[in-house]
Amino acid sequence: MRDGGFSPGTSAAAVKRGTAPITLINREKLIDLLIKHKVGVRAHVVEILELDADAFAQRDEEDTAGITAGIPWDTVERIR
C-alpha cells in the first residue's frame with residue numbers, strides 16, 4: 001500500500017507473468033474498500049434541517065417582524 005502513485009517498475013512487477021499477482025492499493029482505493037466492506041468505519045445518520053422560505057413568503061412584513069423577534073406583535077407595537 002502506498003500514499004501516492006506507484007513507480008513504473010512497481011506497476012510492472014505487479015503484473016509480471018510467471019509470478020504471483022500483486023494488487024497495488026493506494027490510499028483512495030483502501031478507503032473505498034474499507035467503506036464498501038464496513039471495516040473500521042461507523043455509519044451515522046444526520047438530519048439536515050432547512051428553512052422553508054415559502055412558509056414565510058405569504059406573511060406581510062409587519063407580521064414577520066413580530067414572529068422573527070419572538071415577540072407578539074401587540075408587544076412590538078407598545079415598544080415603539
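In a loop (DSSP other than H, G, I, E, B), modelled with pLDDT of 85 or more and under 24 Å from the mean Cα position of the chain (by Cα): is that true of L49 in this structure? Spelling it out, L49 is indeed in a loop (DSSP other than H, G, I, E, B), modelled with pLDDT of 85 or more and under 24 Å from the mean Cα position of the chain (by Cα).
Counting only residues that are over 19 Å from the mean Cα position of the chain (by Cα) and β-branched (V, I, T), region 14-46 holds 6 of them.
The values are calculated or read from the model by the stated rules, or taken from the named source; none is laboratory data. Keep in mind it's a predicted model, so treat the numbers as computed, not measured.
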